[in-house]
1. What is the projected area of the convex hull of the Cα atoms of the range 10-92, averaged over all directions, in nm²?
2. How large is the Rg to Rh ratio of the chain when both quantities use alpha carbon positions and Rh follows Kirkwood?
3. Please report the accessible area of SER164 (heavy atoms, 1.4 Å probe, ligands and nucleic acids excluded) in Å², nearest 10.
4. I need to check one value: relative contact order of the chain, counting alpha carbon pairs closer than 8 Å and at least 6 residues apart, in percent.
5. Below 9 angstrom from the Cβ of ARG89, what's the summed charge of the other residues (Lys, Arg +1; Asp, Glu -1)?
6. For the range 30-77, what does the accessible surface come to per residue with a 1.4 Å probe? Please give it in Å².
7. Spin-label point model (7 Å from Cα, Cβ direction): what's the SER119 to GLU80 distance in nm?
8. Does anything in the range 74-96 have its amide N under 13 Å from the 7 Å Cα→Cβ label point of VAL49, and if so which residues?
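The values are calculated or read from the model by the stated rules, or taken from the named source; none is laboratory data. The model shown is predicted, which means the values in this text are computed figures rather than measured ones. Cβ atoms come from the backbone with ideal geometry, glycine included; neighbour counts cover every protein chain shown. The protein model used for the area step is the full one, side chains on, heavy atoms only, and it has no ligands, DNA or RNA in it. Shrake-Rupley method; radii C 1.70, N 1.55, O 1.52, S 1.80 Å.
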Amino acid sequence: SINGIPIVAPFYVYHDDGTQTPNLSPNELSLLADKLTSTPSPLDVLDYVYAILHSPSYRSKYKELLKTDFPRVPAPTQSEFDRLVPLGRQLRELHLMHNITPYNAPLTGEGSGVVEKLSYANGNVYISDSQYFPNIPETAWNFYIGGYQPAQKWLKDRKGRELSYKDVEHYQKIITILVETDRIMKEIG
């Protein structure tokens, strides 16, 4: 465990003699290394897989299979691996909320900051008749992750509550994550 948090699937297995080995199937790692010029690190493998699972073409091609089975990840060429690992890393860092700059959309208008009723119009996300977050891309407002639309669900979960400064900042970070996720997914292709 790290800081009392149990680790279910660590990147490495640590042995009593102080050595470590990647916590990946040696057979699968060998198959992957045969396709590449060097053996990738477990984190690079994770980032590659993360990029593949966020590929719009992969999701479209395997849409039905992904509903009923575990995803199958294609073995990459070296150039594919080199291109996708940094994109997967960017997505992973975004989704873990590491170093996120809040989206420039301050809560605007007169009011108490209480989430009363939600609507989206002309790029504005309204939390009441008089208060809104301006310039929110429709892509972020309508973006789906699984069966949820995070930009909508997060506010719906706070209906009747006053948004604090930290809440507003967190919502702005959610918007940044959704906008950047959409951009990176398009880059993955």
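1. Numbers: hull surface 25.9 nm².
The number I arrive at for the range 10-92 is 6.5 nm².
2. Numbers: Rg = 20.6 Å, Rh = 19.2 Å.
The Rg/Rh ratio comes out at 1.07.
3. That residue has around 50 Å² of solvent-accessible surface.
4. On the way: 230 pairs, mean separation 38.5, N = 189.
Relative contact order, the chain: 20 percent.
5. Details: positive: ARG92; negative: ASP44, ASP47, GLU93.
In short, -2.
6. Numbers: 3050 Å² over 48 residues.
With the other protein chains kept in place, the range 30-77 gives 64 Å² per residue.
7. Taking the simple label geometry, SER119 and GLU80 are separated by 4.8 nm.
8. In the range 74-96, the label zone of VAL49 (backbone N under 13 Å from the point 7 Å along Cα→Cβ) covers 74-75.
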